[in-house]
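Below: the structure, in structure tokens.
The values are calculated or read from the model by the stated rules, or taken from the named source; none is laboratory data. Small disclaimer: the values here were computed from a predicted structure and weren't measured. Virtual Cβ from ideal backbone geometry, glycine too; neighbours counted across all protein chains shown. For the accessible areas, the whole protein counts, side chains as well, though only heavy atoms, and no ligand, DNA or RNA atoms are used. Shrake-Rupley method; radii C 1.70, N 1.55, O 1.52, S 1.80 Å.
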Amino acid sequence: MITRITIEKREIFAEGHEFPITGAYEKLVGKVYGEVDAKNPLNKVIVNLDKAPTNSRRRVEYWADLYILKPLDMERGNKKIFFDPPNRGGKHILALLNDAPQNNDPTTLKDAGNGFLMRQGYTVVWGGWHGGLSGKNFVVMDVPVATNRGKEIVGVVRTEIVADEAGVFSMPLSADPRIASYETASTDKSAASLTVREKSYEARMPIPASDWEYAACDKDDTGKNLIRPSTTDLYLRSGFKPNHIYEFIYPGKNPQVLGLGFAAVRDTVSFLRYETKDKAGNQNPLAFGKNGTGNRRAYAWGRSVSARFIRDFIYHGANEDESHRQVFEAVCPYVAGGGRMFLNYEFARPVTSSQQHNDQADPELFPFAYNVLRDPQTGRKDGIMKRPRTDPYVMHVQTSTEYRQKRGGLVHTDGKGKDVVVPEKVRIYMISSAPHRFAPGLIPKRYNSQNLTNPLPHGEVLRALMVAMDQWVCDRTPPPPSQIPRVKDGTLVPSDQKHTGFPNIPGVRYTALFNRQLFLDYGPNLLRGKIEIHPPKQIKKGEYKILVTKVDADGNDLAGIRLPAIRVPLATYTGWNLWIEGLAEDELCGLFGSYIPIARTKEERTKTADPRLSIEERYKDHADYIQKVSHAARALVDDRSLLPEDAERIIEAAKRNPVFAPI
């Protein structure tokens, strides 16, 4: 429960700009203080909660940051909370739904972007759930350390360290400076091991203990390396090779009770939605109306890490508060793929995100689907949605990238390569050929990648789906049917080029790689949140069947929500890209995807033997192109995959497209 809420800062947002209907907004910044009873059945799922220190009431305490954008006059809002679990402490919902610049302290009118959420009337809330995190304007949480009756808990920790550039000699044991490291319990190097490999599926090569130290490397004023002993850093004498995977296994101590993040979000949103005052008598800052609260609905939206948090939140039963009320009526996990969170474990590391090349220390495990299914590895039955009374409506949205990098196909297949029926309360959408990472105005570049990065914007799809999700909850209007690649219609296929149909584009390699999900043994207490085999052992060479998307003659996805840029193409857009030579060449490169422009003329494409029709072969002239874009946009509006205002923006952008300017 929330025992105390404090608002430390209150100010007018966006210079008092009057958004249509809703009016002006204000910003509130503060903290919530809560406590949890480890004996409550709803809390027993939290790993090591029974080993955390308690107060005089025998409750485990925590605090979490709280950040709110709300209508100045709450009666003019839509009386709905939209909660964005911060991604590694960052606020993303305005950037993705409002096309706003990324800013962890939204203050100005520019930070409101196109004002979508404000024009809809939402109260936007961010609340801390991630313990051990730090950074400027980050939304964080403070959680206790578990002990064994007052004695330090020591356990084996496995971490993967990947340096982005040359000249790096030390890294925190967490592999990320934003998150606290588990301190080594012993500096005896014989109790630890360090290996390196350039590519994910290569053999691990041992690094002698003489080549590394528990130490940090700093620079003096002359640029000389200064080495100091450190129990939370790893120093490599020769330096970390860029993009190589260093796996460090060592005895760590003092695990935090990170699973309290589920309770913090549950209790914060439940308090804001249902209560008028905290236990100390402080008023709910969102309270209004005759009944003292007035907030009729609560939704959640999360991106990537925070989307996986939402899936795990539902899986662990946190959508039921301690008074047995539903917390969120609908949620939208965006670009989560098939993953949940490395959160509710002893010695967890929730900042990680498993990809084909790196972060394989993140145990993204069964269940992957919302359905209750049988695990192909263990035979155990489980699913994310298994509590009909409190399970929310779900709009699961993913891009093409998730099918390669995040095992997205497992969300709607059985792990053996067969489609499963999407549950009644769930919709799953793939945004065709879109990248996991995008930002408004993104310009294609090469980030050590073989191809230009994919700039395909798709915030407009997210906006349309959020309108449909709201209608689903409020008046039970069914949203658009799921739009995903499926085995039965031949659009979800094995990854080799023959099955996907990816064209032989000059200068573009196709490796058929994807992020595998092996059958792994993590030890007998995995379901109790303890990983005891490091690294985990593969079981009889078994693995889940991962399928990817089939493409058209241009290399663009056939299934899913196909934006006008895909229906009326000027380029090939993919969810995958590849690393360059020297940086794990030909492994999947990050989460950017690829952008491969189509030749402007038939002569140009003939010279390079490009199988894709040129622009002049596709469109009679610029007017013909605009007409085709307009028809595509209208079809998406009719399907409720695009709002009319966004369709107009897309058409106007087509009119300004410089591709059709005279050469």
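Details
- Test set (1) part of a helix (DSSP H, G or I); (2) within 13 Å of VAL265 (Cβ to Cβ) - VAL331 fails condition number: (1)
- Only one of THR413, THR390, THR399 that is in contact (Cβ under 8 Å) with a residue 12 or more places away in the chain, surrounded by 23 or more Cβ atoms within 10 Å (Cβ to Cβ) and touching an Asp or Glu at 6+ places or on another chain (Cβ under 9 Å): THR413
- Just one of the numbered conditions (1) touching an Asp or Glu at 6+ places or on another chain (Cβ under 8 Å); (2) open to solvent by 30 Å² or more (accessible area, probe 1.4 Å); (3) among the basic types (Lys, Arg) is not true of ARG446: (1).
- Scan of segment 351-396 for residues that are assigned to a loop (DSSP other than H, G, I, E, B), of a type in the set (Val, Ile, Thr) and over 16 Å from ASN515 (Cβ atoms), ordered by number: VAL351, VAL372, THR378, ILE384, THR390
- Residue tally, condition of a type in the set (A, V, I, L, M, F, W, C) and open to solvent by less than 50 Å² (accessible area, probe 1.4 Å), over segment 142-154: 3
- Failed condition for GLY593, given (1) touching a helix residue (DSSP H, G or I) at 6+ places or on another chain (Cβ under 6 Å); (2) open to solvent by less than 70 Å² (accessible area, probe 1.4 Å); (3) farther than 29 Å from GLN355 by Cα: (3)
- Condition met for MET118 (buried (at least 24 other Cβ atoms within 10 Å of the Cβ), within 15 Å of VAL29 (Cα to Cα), over 18 Å from the mean Cα position of the chain (by Cα) and not aromatic (Phe, Trp, Tyr)): no
- The set of residues in segment 626-636 being free of Cβ contacts under 8 Å to residues at least 60 places away in the same chain and either open to solvent by 50 Å² or more (accessible area, probe 1.4 Å) or not in a helix (DSSP H, G or I) (or both) consists of GLN627, HIS631, ARG634.
- Taking the criterion of being open to solvent by 70 Å² or more (accessible area, probe 1.4 Å) and either touching a Phe, Trp or Tyr at 6+ places or on another chain (Cβ under 6 Å) or in a helix (DSSP H, G or I) (or both), the only residue of segment 609-625 that qualifies is GLU616.
- Scan of segment 386-412 for residues that are within 18 Å of MET341 (Cα to Cα) and of a type in the set (Gly, Ala, Ser), ordered by number: GLY408, GLY409
- Per the listing LEU583, LEU642, LEU591, the residue uniquely over 27 Å from LYS445 (Cα atoms) and either within 26 Å of the chain's Cα centre (by Cα) or acidic (Asp, Glu) (or both) is LEU642.
- Selection within segment 301-317: residues that are farther than 16 Å from ASP382 by Cβ and among the small types (Gly, Ala, Ser). The member of this set that is surrounded by the fewest Cβ atoms within 10 Å (Cβ to Cβ) is SER304.
- Subset of segment 232-281 that is outside any loop (DSSP other than H, G, I, E, B) and aromatic (Phe, Trp, Tyr) - its residue that is surrounded by the most Cβ atoms within 10 Å (Cβ to Cβ): PHE262
- Residue in segment 393-406 that is in contact with a strand residue (DSSP E or B) (Cβ under 7 Å, 6 or more places away or on another chain) and of a type in the set (Lys, Arg) present: yes
- The single condition from (1) touching a Leu at 6+ places or on another chain (Cβ under 8 Å); (2) modelled with pLDDT of 95 or more that ARG437 fails is (2).
- Yes/no for ARG640 being open to solvent by 30 Å² or more (accessible area, probe 1.4 Å), outside any helix (DSSP H, G or I), under 24 Å from GLY113 (Cβ atoms) and of a type outside the set (Ser, Thr, Tyr): yes
- Only one entry in VAL157, VAL124, VAL168, VAL139 is assigned to a loop (DSSP other than H, G, I, E, B), β-branched (Val, Ile, Thr) and crowded, with 18+ Cβ neighbours inside 10 Å, namely VAL139.
- Residue check, ARG197 on the phi > 0 side of the Ramachandran plot and not aromatic (Phe, Trp, Tyr): no
- A single entry from LYS545, LYS550, LYS537 fulfils the requirement of being of a type outside the set (S, T, N, Q), touching a His at 6+ places or on another chain (Cβ under 9 Å) and open to solvent by 30 Å² or more (accessible area, probe 1.4 Å): LYS550.
- Pairs where the first residue, in segment 132-151, is closer than 20 Å to ALA263 by Cα and the second is among the polar types (S, T, N, Q) and surrounded by fewer than 15 Cβ atoms within 10 Å (Cβ to Cβ), C-beta under 8 Å, 6+ apart: VAL140/SER134
- The C-beta contact set for segment 57-72 (first residue modelled with pLDDT of 95 or more, second residue aromatic (Phe, Trp, Tyr) and open to solvent by 10 Å² or more (accessible area, probe 1.4 Å), distance under 7 angstrom, 6+ apart or interchain) comprises TRP63/TYR33.
- The residue pairs whose first member lies in segment 494-509 and is farther than 13 Å from ARG404 by Cβ, whose second member is open to solvent by less than 80 Å² (accessible area, probe 1.4 Å) and among the aromatic types (Phe, Trp, Tyr), and whose beta carbons are closer than 7 Å, counting only pairs six or more residues apart or on different chains, are GLN497/TYR510.
- Single residue of segment 184-195 satisfying the filter (buried (at least 17 other Cβ atoms within 10 Å of the Cβ) and of a type outside the set (S, T, N, Q)) that is farthest from ILE533 (Cα to Cα): ALA185
- Residue pairs whose Cβ atoms lie under 8 Å apart, separated by 6 or more positions or on different chains, with the first residue in segment 318-338 and open to solvent by 10 Å² or more (accessible area, probe 1.4 Å) and the second in a loop (DSSP other than H, G, I, E, B) and modelled with pLDDT under 95, are GLU322/MET1.
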